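To start, the structure under review is shown below, and the notes come after it.
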């Protein structure tokens, strides 16, 4: 199982709100055992979808200069099961941010039906772990491109936003050096 | 079993509590993405371990009466520490209250004497026949498969739960 | 019109129930850390709920004045000096520091705040006009 639990961003307003979609499919290996005869999409992976949507919203807000980790699920309520063929729309809205972290209010919808409500607390990586890196910058940028994040990323005033300069620089270096991780994608036109 | 977030049940007291273990292996594919430079168990999979332990406790306690045992609510779930490859998460879940359809549990996962994850879960149980009459046959199929999965998770259990009942 | 102390206690109680889901009922003398199980990350949650419910602006130092508790002038060999206690009293007039004064060991500070102290903090902040100091 790859750790991608959203398929695409459809809206991304910096510092405010991000909306993504996730399609549930029988091609996901794990779903055949969960549960045998009646596959359902694990609710914890819906939490992860909102965590990825909200985590990138928080990360982008701080220019990806700090590592963001999921510290607490304050409350998650699942009103309906998600099953193969469902298209889930995840909406993450920033409630508050402090130097220590941020709070995201999240919802999952199946078409117009409220499927889940999930409130998350993110922390910036604690001081004792400063210096720990999660991703190579160029790889992380490639992942965000896969999500179509920069197709829709905009400022609150509606202006398109580019990736941070340090990531673009890292991507350029990786491409020019010929050392490409399997994640590096070419810059969009 | 795909997506089994516990490897083994260690103890089970019906109607009360369960202890189970999940060891994180370097070969788990998602570690490649979480994270490339610092592989560790995603927080939501720690939650899934808590839920799956809870679900096996509920199923065994009612002799697999309901085919579907699903997560309804998560409350105050904190991810306090990391689990890295080679480490084991020892999961315990304790029933706080229960009625005909729902169970509230307090659960936690411990790594090397540190609480890595803790919180409360509300778990719902039902039969497909109650909600989808056309799927009534699937209830029986699912029960048989779940009993076999349980036998894999706790091979020393030799009671009737490992055999399908009529 | 400012909320009554009963209304404040009720709302604070609801916020702590929601954010901490404590095993035991919340009482005015319950300590946030020891009795109710609050951890560092919970304070972000609690702070946000208090801000929303009472239209306040709060920060981490209202709960744990890092700047005082890491100042060599105020903390020596793991104990808060008289000057440090005075600084804490000035910063947190809503907290009951009487038992802490008897044994001002730094490690005792973490579990100081009670539910009653939190209610008094809300009263104090509302009287100041809602802004963080």
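Among the candidates B:64, B:82, single out the residue that is more than 11 Å from chain A (Cβ to nearest Cβ), surrounded by 15 or more Cβ atoms within 10 Å (Cβ to Cβ) and in a loop (DSSP other than H, G, I, E, B).
On the way: B:82 fails: more than 11 Å from chain A (Cβ to nearest Cβ).
That would be B:64, the only listed residue that is more than 11 Å from chain A (Cβ to nearest Cβ), surrounded by 15 or more Cβ atoms within 10 Å (Cβ to Cβ) and in a loop (DSSP other than H, G, I, E, B).
Does residue C:26 satisfy the criteria of being out of contact with any strand residue (DSSP E or B) (no Cβ under 9 Å at 6 or more places or on another chain) and either without any contact (Cβ under 8 Å) to a residue 40 or more places away in the chain or at negative phi (or both)?
Details: out of contact with any strand residue (DSSP E or B) (no Cβ under 9 Å at 6 or more places or on another chain): yes; either without any contact (Cβ under 8 Å) to a residue 40 or more places away in the chain or at negative phi (or both): yes.
Yes, satisfied.
Which residues, taken from region C:1-38, are surrounded by fewer than 19 Cβ atoms within 10 Å (Cβ to Cβ), touching a helix residue (DSSP H, G or I) at 6+ places or on another chain (Cβ under 9 Å), within 12 Å of chain B (Cβ to nearest Cβ) and in a loop (DSSP other than H, G, I, E, B)?
Passing the criteria: C:22, C:37.
Any idea which of (1) without any contact (Cβ under 8 Å) to a residue 40 or more places away in the chain; (2) outside any strand (DSSP E or B) is the one residue B:110 doesn't satisfy?
Only one criterion is unmet by residue B:110, namely (2).
How many residues does region B:85-107 hold that are more than 21 Å from residue C:38 (Cα to Cα), part of a strand (DSSP E or B) and over 14 Å from the mean Cα position of the chain (by Cα)?
Selection size over region B:85-107: 4.
So which residues in region A:39-53 are over 18 Å from residue B:76 (Cα atoms) and more than 9 Å from chain B (Cβ to nearest Cβ), if there are any at all?
From region A:39-53, those over 18 Å from residue B:76 (Cα atoms) are A:39-42, A:49, A:52-53; that's our starting set.
Residues satisfying the conditions are A:39, A:41, A:49, A:52, A:53.
May I ask you to say which residue of B:143, B:125, B:120, B:75 is in contact with a helix residue (DSSP H, G or I) (Cβ under 8 Å, 6 or more places away or on another chain) and crowded, with 17+ Cβ neighbours inside 10 Å? Let's see the steps before the verdict.
On the way: B:143 fails: in contact with a helix residue (DSSP H, G or I) (Cβ under 8 Å, 6 or more places away or on another chain); B:120 fails: in contact with a helix residue (DSSP H, G or I) (Cβ under 8 Å, 6 or more places away or on another chain); B:75 fails: in contact with a helix residue (DSSP H, G or I) (Cβ under 8 Å, 6 or more places away or on another chain).
Of the residues listed, the single one that is in contact with a helix residue (DSSP H, G or I) (Cβ under 8 Å, 6 or more places away or on another chain) and crowded, with 17+ Cβ neighbours inside 10 Å is B:125.
If only one of A:138, A:116 is surrounded by 19 or more Cβ atoms within 10 Å (Cβ to Cβ), within 14 Å of chain B (Cβ to nearest Cβ) and at pLDDT below 95, which one is it? Spell out how you get there, then give the answer.
Details: A:116 fails: at pLDDT below 95.
Going through A:138, A:116 in turn, just one is surrounded by 19 or more Cβ atoms within 10 Å (Cβ to Cβ), within 14 Å of chain B (Cβ to nearest Cβ) and at pLDDT below 95: A:138.
Which residues, taken from region B:122-144, are over 21 Å from the mean Cα position of the chain (by Cα) and not in a helix (DSSP H, G or I)?
Passing the criteria: only B:132.
Out of A:73, A:68, report the one residue that is modelled with pLDDT under 95 and surrounded by 22 or more Cβ atoms within 10 Å (Cβ to Cβ). Steps first, answer last, please.
Numbers: A:73 fails: modelled with pLDDT under 95.
Testing whether each residue is modelled with pLDDT under 95 and surrounded by 22 or more Cβ atoms within 10 Å (Cβ to Cβ) leaves just A:68.
Restricting attention to region C:120-133, does a residue exist that is in contact with a strand residue (DSSP E or B) (Cβ under 9 Å, 6 or more places away or on another chain), surrounded by 18 or more Cβ atoms within 10 Å (Cβ to Cβ) and either touching a residue at least 60 places away in the same chain (Cβ under 8 Å) or not assigned by TED's automatic domain parsing to the domain that holds residue C:7 (or both)?
No: region C:120-133 contains no residue that is in contact with a strand residue (DSSP E or B) (Cβ under 9 Å, 6 or more places away or on another chain), surrounded by 18 or more Cβ atoms within 10 Å (Cβ to Cβ) and either touching a residue at least 60 places away in the same chain (Cβ under 8 Å) or not assigned by TED's automatic domain parsing to the domain that holds residue C:7 (or both).
Report the residue count in region A:59-92 for those that are under 30 Å from residue C:21 (Cα atoms), within 12 Å of another protein chain (Cβ to nearest Cβ) and not in a strand (DSSP E or B).
So the answer is 5.
Take residue A:19 and decide whether it is modelled with pLDDT of 95 or more, in a helix (DSSP H, G or I), within 23 Å of residue A:75 (Cα to Cα) and under 14 Å from the mean Cα position of the chain (by Cα). Talk me through it step by step, then tell me what you get.
On the way: modelled with pLDDT of 95 or more: yes; in a helix (DSSP H, G or I): no; within 23 Å of residue A:75 (Cα to Cα): yes; under 14 Å from the mean Cα position of the chain (by Cα): yes.
When the stated conditions are applied, residue A:19 does not pass them.
Looking only at region C:40-61, how many residues end up being closer than 20 Å to residue C:112 by Cβ, surrounded by 15 or more Cβ atoms within 10 Å (Cβ to Cβ) and within 10 Å of another protein chain (Cβ to nearest Cβ)?
Residues of region C:40-61 that are closer than 20 Å to residue C:112 by Cβ, as a first pass: C:40-47, C:50, C:58-61.
Next cut, surrounded by 15 or more Cβ atoms within 10 Å (Cβ to Cβ) only: C:40-47, C:50, C:58, C:60-61.
Retained after the next criterion (residues that are within 10 Å of another protein chain (Cβ to nearest Cβ)): C:40-45, C:47, C:58, C:60.
Number satisfying all stated conditions: 9.
Look through region B:42-59, keep the residues that are in contact with a strand residue (DSSP E or B) (Cβ under 7 Å, 6 or more places away or on another chain) and within 26 Å of residue A:2 (Cβ to Cβ), and return whichever of them is surrounded by the fewest Cβ atoms within 10 Å (Cβ to Cβ). First the steps, then the outcome.
Here is the first cut: in region B:42-59, the residues in contact with a strand residue (DSSP E or B) (Cβ under 7 Å, 6 or more places away or on another chain) are B:43, B:46-47, B:49-51, B:53-59.
Remaining after also requiring within 26 Å of residue A:2 (Cβ to Cβ): B:43, B:46-47, B:49-51, B:53, B:55.
Working: B:43: 27, B:46: 30, B:47: 28, B:49: 28, B:50: 32, B:51: 26, B:53: 30, B:55: 24.
The extreme case among them is B:55.
What is the number of the single condition among (1) loosely packed, with under 13 Cβ neighbours inside 10 Å; (2) within 18 Å of residue A:49 (Cα to Cα) that residue A:160 does not meet?
Among (1) loosely packed, with under 13 Cβ neighbours inside 10 Å; (2) within 18 Å of residue A:49 (Cα to Cα), the lone unmet condition for residue A:160 is (2).
Looking only at region C:78-90, count how many residues are within 23 Å of residue C:51 (Cα to Cα) and surrounded by fewer than 15 Cβ atoms within 10 Å (Cβ to Cβ). Spell out how you get there, then give the answer.
Our first condition is that a residue be within 23 Å of residue C:51 (Cα to Cα); within region C:78-90, this holds for C:88-90.
Filter once more, so that each one left must be surrounded by fewer than 15 Cβ atoms within 10 Å (Cβ to Cβ): C:89-90.
Looking only at that region, the number is 2.
Could you grab me the full set of residues in region A:22-31 that are assigned to a loop (DSSP other than H, G, I, E, B) and either more than 11 Å from chain B (Cβ to nearest Cβ) or in contact with a strand residue (DSSP E or B) (Cβ under 7 Å, 6 or more places away or on another chain) (or both)? Lay out the reasoning, then the answer.
Filtering region A:22-31 down to residues assigned to a loop (DSSP other than H, G, I, E, B) leaves A:24-28.
Of everything in region A:22-31, those that are assigned to a loop (DSSP other than H, G, I, E, B) and either more than 11 Å from chain B (Cβ to nearest Cβ) or in contact with a strand residue (DSSP E or B) (Cβ under 7 Å, 6 or more places away or on another chain) (or both) turn out to be A:24, A:25, A:26, A:27.
I need a count of the residues in region A:32-45 that are in a helix (DSSP H, G or I) and in contact with a helix residue (DSSP H, G or I) (Cβ under 9 Å, 6 or more places away or on another chain). Explain how you work it out, then say what you get.
Narrowing region A:32-45 to residues in a helix (DSSP H, G or I): A:32-33, A:43-45.
Then keep just the ones that are in contact with a helix residue (DSSP H, G or I) (Cβ under 9 Å, 6 or more places away or on another chain); that gives A:33, A:43-45.
Of the residues in region A:32-45, 4 are in a helix (DSSP H, G or I) and in contact with a helix residue (DSSP H, G or I) (Cβ under 9 Å, 6 or more places away or on another chain).
If residue C:78 meets every condition in (1) in the same structural domain as residue C:6 (by TED's automatic domain parsing); (2) in contact with a helix residue (DSSP H, G or I) (Cβ under 6 Å, 6 or more places away or on another chain); (3) modelled with pLDDT under 90 apart from one, which number is that one?
In the conditions (1) in the same structural domain as residue C:6 (by TED's automatic domain parsing); (2) in contact with a helix residue (DSSP H, G or I) (Cβ under 6 Å, 6 or more places away or on another chain); (3) modelled with pLDDT under 90, residue C:78 misses (1) alone.
All but one of (1) touching a residue at least 12 places away in the same chain (Cβ under 8 Å); (2) within 14 Å of chain B (Cβ to nearest Cβ) hold for residue A:36; state the number of the condition that does not hold.
Among (1) touching a residue at least 12 places away in the same chain (Cβ under 8 Å); (2) within 14 Å of chain B (Cβ to nearest Cβ), the lone unmet condition for residue A:36 is (1).
The values are calculated or read from the model by the stated rules, or taken from the named source; none is laboratory data. These numbers come from a predicted model, not from an experiment. Note that we place each Cβ from the backbone using ideal geometry, even for glycine, and neighbour counts take in every protein chain shown.
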